[in-house]
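In what follows, a structure is listed as structure tokens, so that the remarks can point back to it.
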Amino acid sequence: MASARVTLVDYLHLEPEPHLVAQECRHCGARFFDRRNACARCGRSDFAPAGVDGAGELRAFTIVHRAAPGIPVPFVSAIVRTDDGTWVRSNVVNCDPTPEAVKLGMRVQLTTYPVGADDDGTEAVAFGFEPT
Amino acid sequence: MAVQISPDSVWVLGTHMTRFARYPDRDLIDLASEGALGALADGEVTVADIDVLACGALFQASGAVGQRLQKQIGQTGVPVYNVANACATGATAIRTVMMAIRAGEAEIGLAVGAEQMGKMGLLGGAATKKEKKVFEPSGRYGAVTGVDGYLGTETMPGVFAQAGMAYAHEHDGVGFEQFARVAYKNHLNSTLNPLAQYQKEFSLGEIMESPMMSYPNTLLMCCPTGDGAAAVVLVSGERLASMPSHVRKRAVKVSASVLTSDPFTEDCQVQPDVNTLTRNAADQAYETAGVGPEDLDLVELHDCFATAELIHYDNLSLCEPGGAGEFIDSGGPFRDGATPVNVSGGLISKGHPIGATGVANVYEITTHLRGEAGDRQVEGATVGLAHVIGLASACGVHILEKAAA
């Protein structure tokens with residue numbers, strides 16, 4: 001039985017290459033990742049999907065050692081600004097979760113990884129950013 | 001600097017707080033009652049004099065806490081506002097009373113903040129396990145399961161760690177040690193405050209080596225959960241002017257009362273922007289009060305985590321732009337520094353029963369301006385600022401000034 005795949009969140013698209021898709025305000029250009037009622041910057045309500053650059057810079061991070069039950073620690077929580085100016089919250093992956101390895105301002109690239117399957121065997125795919 | 005009593009001004013007439021602690025044998029209304037009755041007695045008024053009540057208790061926001069308080073201390077039929085605004089809940093209660101007085105609907109009002117958290121543990125982020133696990137998109141991000149831990153952190157120590165690290169990225173001289181020094185100062189300050197939940201000094205080394213919660217915030221750089229209440233009685237200048245001189249002398253002027261929310265910024269929807277709304281609130285408060293940051297004799301600011309306090313030095317213009325690291329390194333916010341910050345011990349050591357916090361900060365400033373702060377008194381204090389911020393976000397800033405002699 002071929003196992004199905006879903007993305008962890010709907011703004012992660014896997015084809016043709018993994019990338020994020022933002023909702024971009026047609027009026028002011030503000031970008032959002034959630035379902036919108038209107039634009040938080042200008043108040044208009046006309047949006048278009050916009051592909052987000054996969055490369056960016058690590059602008060802030062924390063190394064989480066205590067989290068809710070069931071969440072594996074430690075992990076690196078990150079705020080990334082992609083090269084097209086979009087802000088993304090994610091984890092830094094494929095990198096030691098230590099202050100020595102994670103550096104503010106380092107270059108990172110979008111990547112994906114599996115985060116487990118549900119009881120029907122459907123696999124969820126998440127995104128993270130890895131150092132380049 | 002003598003402050004005159006103008007009719008349209010608003011003053012703190014009385015204030016009180018419980019010690020912040022854990023009170024397993026008392027309930028929320030016991031704590032709120034102690035705060036309220038203490039503030040009434042301190043202001044030499046009774047519940048019959050109160051024209052409006054605002055009450056904030058975040059985790060019981062739907063529980064009619066104000067009315068339940070009235071049922072213990074006096075059902076006078078006056079309007080009650082139960083308010084909730086995250087960690088700015090207490091400041092919002094004060095501001096609600098302030099607005100009622102400014103609107104001419106009340107002469108004397110009571111603001112109460114209370115919270116009973118017990119040992120809630122880590123706030124923010126929650127496991128979202130279902131009985132049968134089926135990946136179906138739901139919510140505004142179409143998420144098939146909880147994203148906390150996969151797409152960054154939702155825990156409070158982590159969110160505020162990131163805010164501090166964003167500042168560290170943009171400005172030189174800010175790192176783990178500077179953040180730790182904030183906690184060192186606040187733990188040290190709390191040893192002089194009998195109302196603080198913890199009153200114990202820790203060395204910088206002990207702080208840096210305590211269990212890591214969310215780098216760079218260690219356990220001793222995070223505020224505890226706890227229980228407590230605080231209250232203030234506010235009065236119009238017109239009414240105060242008719243009160244006895246010994247009451248007038250202890251009154252403290254509310255020179256500015258500001259509440260802001262976070263305006264849109266580029267990154268505000270992926271990480272809480274705790275800076276812009278604090279800057280906006282501070283700028284507005286300084287302008288309204290006609291005082292500058294250099295005039296402040298003490299500041300109580302929202303140090304929910306050490307990383308938060310450091311960035312608020314800059315947000316409140318207590319240091320040169322970008323200079324928060326240098327400010328803490330040079331001792332600026334210490335008791336004997338240029339602008340003493342959190343001489344109460346701050347949230348980190350005094351404690352943070354959420355609804356009470358924003359009222360307790362005003363209690364602290366008021367007590368110093370009256371010269372009644374005992375061992376922790378900032379000598380000669382005449383102007384102080386109280387700041388709180390709640391995520392989502394809400395920021396309250398109050399500037400208080402000593403009464404005319």
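The values are calculated or read from the model by the stated rules, or taken from the named source; none is laboratory data. Values in this document were obtained by computation on a predicted structure and should not be read as measured data. Counting neighbours? That spans all protein chains shown, and the Cβs are built from the backbone with ideal geometry, glycine included.
Descriptive notes on the structure:
- Tabulated pairs, region B:72-91, first assigned to a loop (DSSP other than H, G, I, E, B), second charged (D, E, K, R) and modelled with pLDDT of 95 or more, C-beta under 6 angstrom, 6+ apart or interchain: B:V78/B:D51
- Residue count for region A:1-42 under the criterion of being of a type outside the set (K, R) and assigned to a strand (DSSP E or B): the result is 12.
- None of B:I94, B:I50 is β-branched (V, I, T) and in contact with a His (Cβ under 9 Å, 6 or more places away or on another chain) except B:I94.
- Filter result (of a type in the set (A, V, I, L, M, F, W, C) and either in a loop (DSSP other than H, G, I, E, B) or surrounded by fewer than 18 Cβ atoms within 10 Å (Cβ to Cβ) (or both)) within region B:319-347: B:C319, B:F334, B:A338, B:V343
- Options A:V88, A:V102: the member that is more than 7 Å from every other protein chain (Cβ to nearest Cβ) and surrounded by 20 or more Cβ atoms within 10 Å (Cβ to Cβ): A:V102
- Here region A:105-126 is the region considered, the condition is being at the interface with chain B (Cβ under 10 Å from one of its Cβ atoms) and hydroxyl-bearing (S, T, Y), and the residue that is surrounded by the fewest Cβ atoms within 10 Å (Cβ to Cβ) is A:Y113.
- Of residues in region A:4-34 being within 10 Å of chain B (Cβ to nearest Cβ) and over 20 Å from A:V125 (Cα atoms), the one surrounded by the fewest Cβ atoms within 10 Å (Cβ to Cβ): A:C28
- Of the residues making up region B:348-370, those that are in a helix (DSSP H, G or I) and within 19 Å of B:A36 (Cα to Cα) number 14.
- Whichever residue in region B:92-105 is buried (at least 20 other Cβ atoms within 10 Å of the Cβ) and free of Cβ contacts under 8 Å to residues at least 60 places away in the same chain and, among such residues, is farthest from the other protein chains (Cβ to nearest Cβ): B:A100
- Scanning region B:138-149 for residues that are among the small types (G, A, S), outside any strand (DSSP E or B) and facing chain A (nearest Cβ under 7 Å) yields a total of 2.
- Scan of region B:241-271 for residues that are at pLDDT 95 or above, within 22 Å of the chain's Cα centre (by Cα) and part of a loop (DSSP other than H, G, I, E, B), ordered by number: B:A251, B:D262, B:P263
- Selection count, region B:245-270, where residues are out of contact with any helix residue (DSSP H, G or I) (no Cβ under 9 Å at 6 or more places or on another chain), within 29 Å of B:I50 (Cα to Cα) and either free of Cβ contacts under 8 Å to residues at least 12 places away in the same chain or buried (at least 17 other Cβ atoms within 10 Å of the Cβ) (or both): 2
- Residue in region B:172-190 that is over 30 Å from B:L37 (Cβ atoms), touching an Asp or Glu at 6+ places or on another chain (Cβ under 9 Å) and of a type in the set (G, A, S) present: yes
- When A:G51 is tested against (1) within 12 Å of chain B (Cβ to nearest Cβ); (2) outside any loop (DSSP other than H, G, I, E, B), exactly one condition is not met: (1).
- A:S45 satisfies every condition listed in (1) away from chain B (no Cβ under 11 Å); (2) in a strand (DSSP E or B); (3) polar (S, T, N, Q) except (2).
- Selection status of B:A168, out of contact with any strand residue (DSSP E or B) (no Cβ under 7 Å at 6 or more places or on another chain), under 21 Å from B:E209 (Cα atoms) and within 10 Å of chain A (Cβ to nearest Cβ): yes
- Test: B:L316 is under 23 Å from B:P157 (Cβ atoms), more than 14 Å from chain A (Cβ to nearest Cβ), buried (at least 21 other Cβ atoms within 10 Å of the Cβ) and of a type in the set (A, V, I, L, M): yes
- Number of positions in region A:57-81 that are in contact (Cβ under 8 Å) with a residue 40 or more places away in the chain, crowded, with 19+ Cβ neighbours inside 10 Å and more than 7 Å from every other protein chain (Cβ to nearest Cβ): 2
- Yes/no for A:D84 being under 28 Å from B:K133 (Cβ atoms) and part of a loop (DSSP other than H, G, I, E, B): no
- Of all residues in region B:41-59 being assigned to a helix (DSSP H, G or I) and out of contact with any helix residue (DSSP H, G or I) (no Cβ under 6 Å at 6 or more places or on another chain), the one that is surrounded by the fewest Cβ atoms within 10 Å (Cβ to Cβ): B:A48
- Summed over region B:222-276, the residues that are within 14 Å of chain A (Cβ to nearest Cβ) and among the small types (G, A, S) give a count of 1.
- Within region B:160-212, tally of residues that are free of Cβ contacts under 8 Å to residues at least 60 places away in the same chain, loosely packed, with under 15 Cβ neighbours inside 10 Å and out of contact with any Ser or Thr (no Cβ under 8 Å at 6 or more places or on another chain): 3
- Here region B:110-137 is the region considered, the condition is being more than 30 Å from A:H13 (Cα to Cα) and modelled with pLDDT of 90 or more, and the residue that is farthest from the other protein chains (Cβ to nearest Cβ) is B:L110.
- Meets criteria (touching a residue at least 60 places away in the same chain (Cβ under 8 Å) and touching a strand residue (DSSP E or B) at 6+ places or on another chain (Cβ under 9 Å)) for B:T218: no
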